[in-house]
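Derivation of every value follows stated rules applied to the coordinates shown; laboratory data play no part. Small disclaimer: the values here were computed from a predicted structure and weren't measured. Cβ atoms come from the backbone with ideal geometry, glycine included; neighbour counts cover every protein chain shown.
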Amino acid sequence: MDHFLYRNGILHAEDVPLPEIAASVGTPVYVYSTATLTRHFQVFSDALAGMPHLICYAMKANSNQAVLRVMAGLGAGMDVVSGGEYRRAKAAGVPGERIVFSGVGKTREEMTLALEGGIRQFNVESEPELLALDEVARGLGLRAPVAIRVNPDVDAKTHAKIATGKSENKFGIPIARAREVYAEAARLEGIEITGIDVHIGSQLTGLAPYEAAFTRVADLTEALRADGHSITRLDLGGGLGIPYRRANEAPPLPFDYGEVIRRTVGHLGCEIEIEPGRLIAGNAGILLTEVIYLKKGEGRDFLIVDSAMNDLIRPAMYDAWHDIVPVVEATPGAELRPFDVVGPVCESGDTFARARDLPDAAAGDLLAFRSAGAYGAVMASEYNSRPLIPEVLVSGDQFAVVRARPSFEEMLARDSIPPWLSET
Ligand code: LLP
């Protein structure tokens with residue numbers, strides 16, 4: 001069920017009319033729906049029903065404290081990739097035993113933070129990392145729970161910048177070398193082997209790559225058990241895609257993904273962990289923006305809006321498509337015509353859509369970029385000295401600013417002048 005719907009011709013987030021948010025907070029602004037976040041968590045939970053499991057929300061997709069609190073309240077664990085994310089997860093009330101730590105470049109400081117604060121497992125991505133973790137854990141008189149991330153050499157058939165499961169990618173240990181690395185891990189006093197980790201990429205639109213990767217993980221589980229290791233958990237990563245183009249995309253459903261998990265690894269008696277990010281947060285958010293100018297061009301017209309690539313970088317970075325809809329519903333049968341929807345930043349890459357068929361629009365109109373709840377606000381910057389875009393969370397008929405737009409004074413106050421320049 002979609003919680004961004006027209007009511008009486010006005011686009012709402014749950015029960016809140018979007019123009020009300022625009023008037024109160026200003027634009028551009030991200031708006032998130034609690035009901036959608038909740039439903040997406042539930043859909044995964046239902047898909048894995050009957051198997052012991054933990055859904056570790058990949059908070060890199062959207063790590064606003066309010067969003068994390070919603071997830072924590074549902075019983076989610078978290079997948080974190082930095083000391084900052086670990087701190088955010090803890091601040092949102094997630095206990096250490098529900099936090100998994102991923103990432104290819106964990107520092108010793110980050111390892112110490114997580115070991116001291118409590119951690120479910122480190123997903124270790126290389127032998128040097130394994131040795132460093134062993135040393136840090138021994139130094140603290142602790143043992144670090146570890147799953148080793150294996151690279152199954154599977155083509156995830158997604159955008160090259162977000163595919164991670166091929167041997168040419170920087171992630172994990174080649175699966176062919178896994179037995180050797182597990183043997184090494186078993187000799188290290190500061191390491192406690194708990195399971196295997198795999199993540200093959202993001203925005204996957206088919207299940208076959210999962211089937212191939214999980215089958216390899218199942219075979220590896222049996223091989224490692226035969227070698228005498230105790231493998232009790234399988235972390236199967238995230239990556240399930242979402243429909244960015246509502247009109248013509250239908251990525252696999254979490255239920256069918258759950259069936260693939262059941263079929264490939266369900267017989268092993270392991271606790272299953274998954275790390276969904278995009279599917280939980282993506283369609284739970286929109287970016288609300290206002291048209292500044294309609295500029296007539298040669299052969300095409302430009303809608304210049306008040307959001308830019310610094311607020312939502314996905315189109316510039318991955319040529320990503322986001323559906324764009326007017327906040328005031330077009331009259332049925334209204335003619336559509338192609339517009340380039342662009343931001344004010346001084347780069348041609350600051351383009352959200354080219355020749356997009358839209359109903360007529362004019363300065364002052366509000367537009368919504370859909371599917372912007374994941375990898376939107378978290379990738380925003382202040383490029384061109386545009387204040388960091390604020391975020392709003394809706395729940396039923398209530399809304400609240402969950403990250404305020406900084407004032408220009410606050411922006412400037414973050415810089416400081418060195419003494420040798422301060423006299424001028
Ligand atoms: N687990 C690991 C180890 C990951 O690296 C990722 C995403 C996830 C889980 C969550 O994947 P998801 O369920 O969200 O697909 N900025 C890009 C996406 C980067 C994904 C990075 N890793 C974008 O805007 O498309």
| Alpha carbon Rg of the chain, scaled by the compact-globule rule 2.2 N^0.38 Å | 1.05
| remark: Residues whose modelled amide H sits under 5 Å from the amide H of residue 151, counting only those 5 or more places away in sequence or on another chain, are 173, 175
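Just subtract the alpha-carbon distance of residue 423 and residue 357 from 0.36 nm times their residue separation and send over the number in nm, one decimal.
18.2 nm
To make sure I understand, if each residue's beta carbon is the centre and we count other beta carbons within 10 Å, what order do 112, 221 fall in, fewest to most?
112, 221
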| remark: In nanometres, the difference between 0.36 nm per residue of separation and the alpha-carbon distance of residue 248 and residue 161 is 29.0 nm
| task | Could you tell me whether the range 344-424 comes out rounded, prolate or oblate from its Cα gyration tensor? Rule is a ≥ b ≥ c as square roots of the eigenvalues, rounded for a/c under 1.5, then prolate if a/b exceeds b/c, otherwise oblate. | result | oblate
| field | Span from the the range 293-348 Cα centroid across to the the range 153-225 one, whole angstrom | value | 40
| message | I need the peptides 29-37, 121-129, 13-21 ranked by packing, meaning the mean over residues of other C-beta atoms within 10 angstrom, with the highest value on top. | response | 29-37, 121-129, 13-21
| message | Given points 7 Å out from each Cα along the Cα-Cβ axis, report the residue 131 to residue 2 separation in nanometres with one decimal. | response | 5.5
| remark: Lys pairs in the chain with Cα under 19 Å (8 or more apart in sequence, or on separate chains) total 9
| remark: A chain fully extended from residue 404 to residue 183 at 0.36 nm per residue, minus the present Cα-Cα distance, gains in nm 74.6 nm
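Note down the relative contact order for the chain as a percent, whole number, built from C-alpha pairs under 8 angstrom at least six residues apart.
19
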| Taking R0 as 51 Å, what's the FRET efficiency between residue 384 and residue 51 from their Cβ-Cβ distance, rounded to 0.05? | 0.60
| query | Quick one: net charge of residue 66's neighbours, Cβ under 13 Å, K/R +1, D/E -1? | reply | +2
